[in-house]
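Please treat every number below as a calculation from the coordinates, not as lab data. Being a predicted model, the structure only gives us computed values, none of them experimental. When we count neighbours, we look across all protein chains shown, and the Cβ atoms used for this are built from the backbone with ideal geometry, even at glycine.
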Amino acid sequence: MRIEQMETPAVAIDLDILDANLKRTAELAAKAGVNLRPHIKTHKSVWIARKQIEYGAVGITVAKLGEAEVMADGGIDDILIAFPLVGAGKLKRLAALIERGVRVTVSVDSVEAASGISDVGVAAGIRIPLYLDINTGLNRCGLEPGLPSAELAIQISALPGVEVKGLMTHAGHSYGCGDAEGARKVAFAEAGALLATQQILRERGLEVPEISVGSTPTSKFVEQLSGVTEMRPGAYVFGDGSQLFPGLIDESECAMRIHATVVSAPRPGALIVDAGSKTLTSDVSVHRKGYGYLPDYPEIFVERLSEEHGILAVPDDCSLRIGDVLSIIPNHCCTVVNLRDELIGVRGGKLERMLKVDARGMNT
């Protein structure tokens, strides 16, 4: 079956581009002497995670325990949970993962979260490795770098069931940079903030060996960053508008395409396709208006969405007609994946395999 014969809306992954993306980033990490621990929240697929490890990843990163459990069921046994675990239920599930022999590291940014994890470690007779999450500009989790984070790390290091093994950050604000040079500056800033904190801790007698940076845009510059030991990009596997529009990648690196059919031409200047917010998602880009990019028709914008309808703004002389199938690069590939049970793996325009989204909806 060819892609144009499939029912729409369809989320297709070009397997040749996917494979090239996986290899390119693995080779970049290896050349820089940095461990690759990719974030699987982008693809949520055991098959792709195994490919990443096959090409050299030391383990994976997940956002939630549910994702970790699914990946562990798939045989992956080295997992960073890059999210604070708070509450008795989650700590019980963490203990169960450890009992299965999974090497689990957890990120924290408070004594409260670390104390609960420490109790799990004491009960298991081990010290659970922790990464201290540090804010380097995204203003999400994490204390400020330098003294505030260093003092927190020292407090946490006194707990009996945990060990502070790394400092981590996610420079997600790099997606807002207008060009590659802006992302490069963010990469240097995030690494510098972690290294400065590491130095304070070293001077106070606490050695924290791992310096772990996140975000796909900043990962492009890892060879230029001395002192970084690990990187955790996620969206590099598929590519999307958030990387394409500021020039971090080109269209040849966009493995994901959403195929949608024109189903209505109700008025001049507008066409309706069968991909709405339940396919394209409502994520927008700071770089380009609309809810996706049509590479074959760059003058057309996905102007508005309802759940099942995508409303396209088209020029008056548009030649598209009802029944035509369009290819759309989404603004944000990660959110698209979490709306699908399966992705369509194609090679040379033909269906080769279905890619199960194993951890779809695992948000707890």
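Modelled spin-label separation between Asp73 and Ala265, with each label point placed 7 Å from Cα along the Cα-to-Cβ direction: 4.7 nm. Distance between the C-alpha centres of the stretch 106-130 and the stretch 43-99: 17 Å, rounded to the whole angstrom. Spin-label pair Asp179-Glu7: with each label point 7 Å from Cα along the Cα-Cβ axis, the two points sit 4.7 nm from one another.
Which length gain, in nm to one decimal place, applies between Ser306 and Ser115 when the Cα-Cα distance is subtracted from 0.36 nm times their residue separation? Extending this stretch completely gives an extra 64.3 nm.
Among the trypsin sites (Lys or Arg not before Pro) found in the stretch 34-137, those both in a DSSP coil and sparsely packed, with 15 or fewer other Cβ atoms within 10 Å of their Cβ, are Arg100.
Remark: the Ser319-Phe188 segment gains 42.5 nm on full extension, using 0.36 nm per residue and subtracting the alpha carbon distance. The phi-based Karplus calculation (6.51 cos²θ - 1.76 cosθ + 1.60; θ = phi - 60°) puts the 3J(HN,Hα) values of the stretch 301-310 at 10, 7, 7, 8, 10, 10, 4, 10, 10, x Hz, whole numbers, x for Gly and Pro.
For the stretch 197-202, 3J(HN,Hα) computed residue by residue from phi via the Karplus equation (6.51, -1.76, 1.60; θ = phi - 60°) reads 5, 4, 5, 4, 5, 4 Hz, glycine and proline entered as x. Please tell me which of these pairs span more than 31 angstrom C-alpha to C-alpha: Lys278/Lys350; Lys165/Lys220; Lys64/Lys350; Lys41/Lys165; Lys185/Lys289; Lys92/Lys220? Lys64/Lys350; Lys92/Lys220, as the Cα separations exceed 31 Å there.
With a cap of 14 neighbouring Cβ atoms within 10 Å, and only residues DSSP puts in a loop, list the trypsin sites (Lys or Arg not before Pro) found in the stretch 154-216. Counting only loop positions with at most 14 other Cβ atoms within 10 Å, the trypsin sites (Lys or Arg not before Pro) in the stretch 154-216 are Arg204. Split the chain at each of the GluC sites (Glu not before Pro) in a DSSP loop with at most 10 other beta carbon atoms within 10 Å, and the longest piece is 8-206.
Label reach from Val86 (point 7 Å along Cα→C-beta): in the stretch 134-169, amide nitrogens under 12 Å belong to 141-142. Consider a paramagnetic label point 7 Å from the Cα of Asn363 along Cα→Cβ; state which residues of the stretch 164-181 have an amide N under 16 Å from it. It comes to no residues whatsoever. Which FRET efficiency value, to the nearest 0.05, do you get for Arg24 and Arg140 by plugging their Cβ-Cβ distance into 1/(1 + (r/R0)^6) with R0 = 25 Å? Efficiency, rounded to the nearest 0.05: 0.35.
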